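Below is one structure, written out as structure tokens; comments come after it.
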Amino acid sequence: MRLNLLKIVMLAIVIAAPAAARAQSQAPGKFPPETRNAALRYWSAFADIQDPPADKLTQDLLEKVAAGDAPWDEAKLGAILDQNETAILAMQRAAKLPECDWGLEYSRGPRTSIAYVPRSRVLARLNTLYGMRQMAKGDPQAAVETWLDGIRFSRHVAQNGTLIFQLVGKMAMLSNFRALTSAAVSHQLSDAQRAQVLAAVQALPADGFDWGQALALEEATLEIGVQQIAQSENPAASFGELMGHAAPSNFTVPAAKDIAEERALFAEAEAAMHLPPAQAHDRIAAIHARIPALHTYFRETTPTLTKVNDARAEVAAARQKLLQTLGGS
């Protein structure tokens, strides 16, 4: 009896489902509002990325083409983009959304997950290649849209993140700058397309991102690490877990004086990062020279500030080259 009743209920559901679907499709106003948070869509895109080809020759070719060091090769690379088109198009739709909150657990300090960083790098490269393919097929407008989406994606990747996110965003931004510059130099863009790109690039910061904010987040993250070490039952072991190697035999938890020195150094570096890279060069070098005098924890975790400024300079130079190529200032 129970079995027959179950069959009747299931049959009713099957019969009702198409009618419910029709009713839903005819009443789009009843759908919940779509998200404004691009990060949720990016996670979906990451899930759709297919495993990269295993052979090194193809991997190297992907890197070279994305960097602009080799022309698009449909025969060798086309299938890879076909396999990842769902992910690429999802990323492009997400890039047009006005907000991006990755949901990072800043309170975990150095243990905050950076799981999306590798996938972001892969997706950014695929998107740049997608634009190159569109250009090779004679659709410059689609290529321009793809590369501008890539620039927006690079900004989203770096948004409210520490330096590792900025550096991945930098890689993505540079590949799109270079692709657009190459297209402009080879006269593949119409006047309207050049104006479209010019407006988008002029709206960007000169060095692409807020590097000072990234340093501030980096410093806050390191201080949380100090708290985690101090509160652990075995501070030396906690240090070793964070660093990936054993603590020095004379290890002690950073004291208030050590933290004050680190804060002062970061504060000066943050201020310098708001100057043009060339103007900040000597100041950053002088600040970086003080790192060896910090407590061993801060000495090992403070980023190489000179390389950070070099990264800023690289973005600024690529942006300026694109603007000059387009006829902007």
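Picking from residues in segment 279-290 that are surrounded by fewer than 17 Cβ atoms within 10 Å (Cβ to Cβ) and of a type in the set (A, V, I, L, M), the one that is nearest to Thr301 (Cα to Cα) is Ala289. Of the listed requirements (1) within 30 Å of Gln213 (Cα to Cα); (2) out of contact with any Asp or Glu (no Cβ under 6 Å at 6 or more places or on another chain), Ala95 misses just one: (2). Candidates Leu180, Leu174, Leu215, Leu242: the one that is modelled with pLDDT under 95, within 27 Å of the chain's Cα centre (by Cα) and either among the β-branched types (Val, Ile, Thr) or part of a helix (DSSP H, G or I) (or both) is Leu242.
Among the residues of segment 191-200, is there at least one that is closer than 23 Å to Leu97 by Cβ, outside any helix (DSSP H, G or I), touching a helix residue (DSSP H, G or I) at 6+ places or on another chain (Cβ under 8 Å) and small (Gly, Ala, Ser)? Taking every residue of segment 191-200 in turn, none turns out to be closer than 23 Å to Leu97 by Cβ, outside any helix (DSSP H, G or I), touching a helix residue (DSSP H, G or I) at 6+ places or on another chain (Cβ under 8 Å) and small (Gly, Ala, Ser).
Select from segment 226-239 the residues that are under 28 Å from the mean Cα position of the chain (by Cα) and of a type in the set (Asp, Glu) and list them in ascending order. If the condition is that a residue be under 28 Å from the mean Cα position of the chain (by Cα) and of a type in the set (Asp, Glu), then no residue fits. Among the residues of segment 252-278, those identified as crowded, with 16+ Cβ neighbours inside 10 Å and assigned to a loop (DSSP other than H, G, I, E, B) are Val253, Pro254, Met273, Leu275. Checking the structure you have, find out if any residue of segment 135-149 is basic (Lys, Arg) and either part of a helix (DSSP H, G or I) or under 12 Å from the mean Cα position of the chain (by Cα) (or both). No, the conditions are met nowhere in segment 135-149.
No other residue among Arg290, Arg319 is touching a helix residue (DSSP H, G or I) at 6+ places or on another chain (Cβ under 8 Å), outside the structural domain of Ser186 (by TED's automatic domain parsing) and either within 27 Å of Leu204 (Cα to Cα) or touching a residue at least 60 places away in the same chain (Cβ under 8 Å) (or both) apart from Arg319. Scanning segment 291-322 for residues that are under 30 Å from Ala192 (Cα atoms), of a type outside the set (Lys, Arg) and crowded, with 19+ Cβ neighbours inside 10 Å returns Val315, Ala318, Leu322.
The values are calculated or read from the model by the stated rules, or taken from the named source; none is laboratory data. Please read these numbers as outputs of a predicted model, since none were measured by experiment. So basically every Cβ, Gly included, is an ideal-geometry build from the backbone, and we count neighbours across all protein chains shown.
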